[in-house]
Amino acid sequence: MFNLNKLCKAIATSVLAVSMLSSIATADVFDDKSKAEIEKIVDEYVSNHPEVIIKAMKKLEAQEMAKQQAAISDTVSLLRSNKDLPSVGKSDAKHFIIDFYDFNCGYCKVMEPLFEKALKDYDLQIVYVNIPVIKDESKQLAVVGQAIFNLDQKAYFKFHKHYMQPGHLPMDTDAIKASVEDSGISWDKVVKEMESGRPQKQIGMNIKYSADLKVAGTPYLIIDGHEVRGAITNYNRLKAELD
């Protein structure tokens, strides 16, 4: 059975042992017996002073949070100026939302009207990063959408609006082809763009960005530099994040 206290103790013991070894001399000075004796001393110390476990865990947590925040800052800089990504608003707007979404994500669809309202109320940029993680159909839609964006941004946003409606829409080839044509762009042009392989590589980069940020699913948002995991379901909450 998993024992959190034992795990914490082991981590704290290891941290203190490594710290002691480093502060006394280089590692090659000690043989295995010496190292075992030092670790025994440290283990006994931890047993008598359990507060060091909490201190060690807090330190590790702070380090992980710092790494995550650094990754967010680096990624934000890349995404806000990335011409391969659909976005609305100015790239130097005071506020920004980076929206990692999937065309099959119901909660992502719930947020669309909230974003539209926020664009009217704030100096705001929204960057849309499609990561197809929910269904196999998501991958096809993501590539088709990216191909449309590469060819005609206006047509892309019509396509985006169509598939971000609430509910489940048909996603077979004929339905997708019809929605592409309704967006105002030739299906043949979209197919040719997909055959180039460019949209697939761009969606692959989106997935890489999400992996760097340890995104587990959609929706995932970065709002003015801080992450929001999960959906925002009412406008007051979105306003609170932006304010």
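The values are calculated or read from the model by the stated rules, or taken from the named source; none is laboratory data. Quick caveat: nothing in here was measured; it's all calculated off a predicted structure. As a convention, Cβ positions derive from the backbone with ideal geometry for all residues, glycine included, and neighbour counts pool all protein chains shown.
Could you tell me how many of the residues in region 220-243 are on the phi > 0 side of the Ramachandran plot and modelled with pLDDT under 95?
Just the residues of region 220-243 that are on the phi > 0 side of the Ramachandran plot, to begin with: 224-225, 230.
Add one more test, that the residue is modelled with pLDDT under 95, and what stays is 225, 230.
Result for region 220-243: 2.
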* Asked: Restricting the first residue to region 112-124 and requiring it to be more than 13 Å from F96 (Cα to Cα), which pairs with a second residue that is buried (at least 18 other Cβ atoms within 10 Å of the Cβ) meet a Cβ separation below 8 Å and a spacing of at least six or different chains?
  -> E112/M164; L114/I232; L114/L238
* Select from region 101-116 the residues that are in contact with a helix residue (DSSP H, G or I) (Cβ under 8 Å, 6 or more places away or on another chain) and part of a loop (DSSP other than H, G, I, E, B) and write down the one among them that is surrounded by the most Cβ atoms within 10 Å (Cβ to Cβ). => F103
* Test L119 against the criterion of being modelled with pLDDT of 95 or more, aliphatic (A, V, I, L, M), surrounded by 19 or more Cβ atoms within 10 Å (Cβ to Cβ) and in the same structural domain as V228 (by TED's automatic domain parsing), and give yes or no. => no
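Scan the helices (runs of 4 or more DSSP H) fully inside region 166-243 and keep the ones with 3 or more residues being more than 23 Å from the chain's Cα centre (by Cα) and in contact (Cβ under 8 Å) with a residue 12 or more places away in the chain. Walk me through how you get there before you give the answer.
Working: elements: 173-182, 187-195, 198-212, 235-242.
The helices (runs of 4 or more DSSP H) meeting that bar are 173-182, 187-195.
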* In region 140-161, which residues are closer than 19 Å to Y107 by Cβ and crowded, with 16+ Cβ neighbours inside 10 Å? -> L141, A142, G145, H160
